[in-house]
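The values are calculated or read from the model by the stated rules, or taken from the named source; none is laboratory data. Note that the structure is predicted; figures quoted are calculated from it, not measured. Glycine also receives a Cβ, built like all others from the backbone with ideal geometry; neighbour counts cover every protein chain displayed. Heavy atoms of the whole protein, side chains included, go into the accessibility calculation; ligands, DNA and RNA do not. Shrake-Rupley method; radii C 1.70, N 1.55, O 1.52, S 1.80 Å.
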Amino acid sequence: MHGVQRRIVTGSLAGTKQCLWNHMIPRLPSRPLRRCLTMSPTVGRRQLDTTTESKVQGVLTPFFSQTAEEEKEEQARKSYPRKTAKDVSSATSPPTKTKMLVRDFIDDSLYNPNYGYFSKQAVIFSPETDFDFNGMQDHLEFMNELAKLYKEIEGDVDEVDEVARQVWHTPTELFKPWYGFAIAKYLVSEYKLNHFPHKDLIIYEMGAGNGTLMLNILDYIQQNEPMVYKRTKYNIIEISGKLAERQSERQDVRDAKDHHRCVTVINKSIFDWDVHVPEHCFFLGMEVIDNFAHDLIRYDINTLEPRQALVSTDANGEYTEIYEPVGQDSLISRYLATRKEVGYRSPVLSRKLWNALLKNMPLAPNLTAPEFIPTKLFMLLETLKTHFPQHQLVLSDFSSLPDSVDGVDAPVVQTRYKGTMVPCSTYMVQPGWFDIFFPTNFELLRDMYLRVCRGTGAGNDKGVRVLTHREFCERYGDIERTTTRSGENPMLMYYENMKMILT
């Protein structure tokens, strides 16, 4: 860690939600990646660390033979029980001698109530006072002020304990209340266009963090649309018990006249939602879906048939990827079938010439490069269709990320060590200590949404739009309030790698 350089990001906050700085440090795996295996009902083909399998026989064969210890471990692995994140939700330490689909492994790492990342590590940066952008010279002054506050809160966190707590930021917190006001303006305009005054304005927010967006939206409606405010109902769906408590307490520090009595906080995962909501409602998810767990697939290099990955954890807590044919998990199968219906073709399969060359190369892999697929996001679409049939959706998150692990739509995996953000080279890391977050292909999400929730093909509903963060803020934001004296506007300049889907 010696000689680490710290560089302020001045042009954009694109790159990390946790930290304002990029660090010139190597990417480190948390645990050794033993090897990748492929498993099938008949033949299991062994792979090396880089998913490179030896097809060479003869003099090279001994170099790729298993040791007696490895053979024993592989035999033991066959008897490991298959678990889901829900199966181990009551565990007080990460399970061993198990195998889990990648999405369950990531879910457990992030959301386990006892050791998951969000149950103990995450702290959401929220300045006590709003930034006076009009009083600042330029965006550099904003960045310097932000860096100073960020350093203070990181110091406070470090004084609490020595665990690697990470402080992360969102546009909701950095540009409050103006970003929340922009969301509110959009909601009100859509509501008044189609439903006012005959129906209530019903809002569901998934994963509300500190509750800042809720307060900003309701403040805007109360101050600017009093008649609409009388018909407003705001519901928060929050998986974290600690955050749900914080959201409920946010109004306790306000004057009585500023309390919003139309708020209900529901401490529950959206994936456990079982209540039918027949009324028209707006469903918000701001900077949430990046932490939705993904599955991992690779394609057989000869047949191009997909194979789904599992993470096998041995008695020592070391991880191994194993692969099996797609079909044993209905969610993965439904996702891939729907994706095929909308005409999407994986970039991995588009490399026809490269895949053809691989087949005839010595030491060639038997599987393609990895591809992460957003199965939990797909589950959200199914939940919306089933339980919120009259919803209008507002989702915002990262559309691209630097410093990700290898693979298509791969995540960034990072932790904080002595004030420094450490990006890692694999998602197979010690559960609870690392944030794992993914980019979203919003154009594919739009097409999948149309198929699942509207029953139409890609491009057949002009009411479903994908906007960049800047486009949305320019259209609905009061950009004069976030403009500095030099004319620069941080709310428009930053988060260039974020997009929104509006339905």
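Brief remarks follow.
- Electrostatic tally near LYS72: other residues with Cβ closer than 13 Å to its Cβ, Lys and Arg +1, Asp and Glu -1, net -4.
- Restricted to Cα atoms, the stretch 413-474 shows a radius of gyration and a Dmax of 17.9, 51 angstrom.
- Phi-derived couplings, Karplus 6.51 cos²θ - 1.76 cosθ + 1.60 at θ = phi - 60°, listed residue by residue for the stretch 468-481: 6, 3, 5, 4, 5, 5, 5, 7, 10, x, 8, 5, 5, 6 Hz, with x used for Gly and Pro.
- Over 27 Å between alpha carbons, listed pairs LYS176/LYS462; LYS199/LYS376; LYS151/LYS268; LYS268/LYS376; LYS192/LYS268; LYS78/LYS268: LYS176/LYS462; LYS199/LYS376; LYS151/LYS268; LYS192/LYS268; LYS78/LYS268
- Ranked packing of 212-221, 91-100, most packed first, by mean Cβ within 10 Å: 212-221, 91-100
- Per-peptide packing, taken as the mean over residues of other Cβ atoms within 10 Å, places 200-209, 340-349 in the sequence 200-209, 340-349 from highest down.
- Accessible surface comparison of ASP409, ASP272, probe 1.4 Å, protein chains only, largest first: the order is ASP272, ASP409.
- For GLN392, the amide hydrogen comes within under 5 Å of the amide hydrogens of CYS281, PHE282, PHE283, counting only partners 5 or more places away or on other chains and with H modelled in the peptide plane.
- Listed residues ASP478, ASP435 arranged by accessible area, highest first, probe 1.4 Å: ASP478, ASP435
- Residues whose amide H falls under 5 Å from that of VAL413, counting only those 5 or more places apart or on a different chain, are VAL405, CYS424, with hydrogens built in the peptide plane.
- Per residue, the stretch 216-314 exposes 43 Å² of solvent-accessible protein surface, assessed with a 1.4 angstrom probe and all protein chains in place.
- Apportionment of accessible area to carbon and sulfur, the stretch 203-280, percent (1.4 Å): 48
- Peptide packing: for 127-136, 104-113, the average count of neighbouring Cβ atoms within 10 Å per residue gives the ranking 104-113, 127-136, highest mean first.
- Under 5 Å, built H, 5+ apart or other chain: amide partners of ILE236: GLU205, THR264, VAL265, ILE266
- Protein heavy-atom accessible surface, 1.4 Å probe, per residue over the stretch 443-503: 43 Å².
- On a per residue basis, the stretch 381-438 carries 29 Å² of accessible surface, using protein heavy atoms and a 1.4 Å probe.
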